[in-house]
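The values are calculated or read from the model by the stated rules, or taken from the named source; none is laboratory data. Just so it is clear, the model here is predicted, and its values are computed rather than measured. Counting neighbours? That spans all protein chains shown, and the Cβs are built from the backbone with ideal geometry, glycine included. Ligands, DNA and RNA are excluded from the accessible area calculation, which covers all protein heavy atoms including side chains. Shrake-Rupley method; radii C 1.70, N 1.55, O 1.52, S 1.80 Å.
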Amino acid sequence: MKGPASSAVRVRFEGWPKPALQFFHGLKRDNSKAYFEAHRSVYEEQVRQPMEALLSELELELGSDVEVKIFRLNRDLRFSPDKRPYKEHLGAYLSGTRVGGLYLQVSDDGLYMAIGAHEMAADQLTRFRDAVAGKEGEKLARIVAALQKDGYQVTEPSFKRVPAGYPADHPRGELLRSKGLMAGRQWKPGPWLQTVEAKQRVRDAIKASKPLTTWLDAQVGPSRLPARPGR
């Protein structure tokens with residue numbers, strides 16, 4: 001689906017007001033339908049609307065091929081022993097024709113962002129591993145080290161062992177054991193979150209992560225497998 005920028009009426013992003021964080025603080029104390037319904041207007045106007053505005057502005061900056069999804073606050077309780085009806089954060093995802101995308105999450109813990117490939121398809125994973133094992137892998141290792149030095153978290157390895165076909169003691173074994181690669185950053189709440197500085201921090205992180213996303217685009221590329229049913 002197209003993102004918020006397709007709407008005829010656009011609200012300028014000016015940060016998340018204090019009531020947004022107060023909403024999440026209250027939801028953590030009383031995660032119930034009664035609480036949510038009593039504070040629905042706060043959620044819609046102070047939490048979701050600023051997220052829509054931010055995504056709309058980012059969509060315009062990132063290009064017309066960007067797709068935007070704001071995740072529902074309701075939790076899927078069908079197979080979960082945790083019966084709390086609501087997530088205690090609001091998340092959104094921007095994706096395009098390139099590899100991966102951008103995830104944003106706001107809560108009373110502040111703002112979290114991750115950019116890159118969360119979980120690669122089988123054909124992407126093959127290209128990723130071959131590149132990591134080869135000369136381009138040295139470049140990626142330097143990119144990851146620079147991001148970590150600047151305070152970014154990088155996706156931790158997903159598999160216990162280096163996949164078959166690659167040396168078990170490969171110097172980039174941690175990267176080979178990954179099924180996705182994202183640069184993430186968590187900003188604790190503060191007065192900045194109530195201003196346009198929140199957008200600037202996201203923009204700065206997108207810029208800082210450019211070497212990683214450029215590497216993924218060049219070495220991995222989009223999946224060429226048929227789309228799964230329902231996607």
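Things to note:
- Restricting the range 31-62 to residues that are in contact (Cβ under 8 Å) with a residue 40 or more places away in the chain and polar (S, T, N, Q) leaves a set whose member that is surrounded by the fewest Cβ atoms within 10 Å (Cβ to Cβ) is 32.
- Single unsatisfied condition, residue 220 versus (1) open to solvent by 30 Å² or more (accessible area, probe 1.4 Å); (2) touching a Phe, Trp or Tyr at 6+ places or on another chain (Cβ under 6 Å): (1)
- The range 1-30 residues that are modelled with pLDDT under 95, paired with ones that are open to solvent by 60 Å² or more (accessible area, probe 1.4 Å) and assigned to a helix (DSSP H, G or I) (beta carbon under 7 Å, 6 or more apart): 4/52; 5/60; 11/49
- Test result for residue 188, of a type in the set (Lys, Arg), surrounded by fewer than 14 Cβ atoms within 10 Å (Cβ to Cβ) and at pLDDT 95 or above: yes
- Close pairs from the range 63-83: first modelled with pLDDT under 90, partner not in a loop (DSSP other than H, G, I, E, B), Cβ under 8 Å, at least 6 apart: 66/58; 66/59; 66/94; 66/95; 67/94; 67/95
- Residue 194 being polar (S, T, N, Q) and more than 24 Å from residue 99 (Cα to Cα): yes
- Taken as a whole, the condition of being within 27 Å of residue 63 (Cβ to Cβ), surrounded by fewer than 18 Cβ atoms within 10 Å (Cβ to Cβ) and under 16 Å from the mean Cα position of the chain (by Cα) does not apply to residue 101.
- Single residue of 177, 231 found to be under 18 Å from residue 120 (Cα atoms), among the charged types (D, E, K, R) and modelled with pLDDT of 95 or more: 177
- Long-range neighbours under 8 Å by Cβ, at least six apart or interchain, first residue hydroxyl-bearing (Ser, Thr, Tyr) within the range 148-169, second surrounded by 11 or more Cβ atoms within 10 Å (Cβ to Cβ) and assigned to a loop (DSSP other than H, G, I, E, B): 152/209; 155/118; 155/178; 155/180; 158/177; 158/178; 158/179; 158/180
- Of all residues making up the range 96-130, the number that are touching a residue at least 60 places away in the same chain (Cβ under 8 Å), under 14 Å from residue 213 (Cβ atoms) and of a type in the set (Gly, Ala, Ser): 4
- For residue 159, the conditions (1) under 26 Å from the mean Cα position of the chain (by Cα); (2) loosely packed, with under 15 Cβ neighbours inside 10 Å; (3) over 22 Å from residue 113 (Cβ atoms); (4) at pLDDT 95 or above are fulfilled apart from (4).
- Of all the residues in the range 131-147, those that are closer than 30 Å to residue 192 by Cα and touching a residue at least 12 places away in the same chain (Cβ under 8 Å) number 4.
- So residue 180, is it within 16 Å of residue 116 (Cβ to Cβ) and not charged (D, E, K, R): yes
- Subset tally (residues that are assigned to a strand (DSSP E or B) and buried (at least 17 other Cβ atoms within 10 Å of the Cβ)) for the range 105-156: 12
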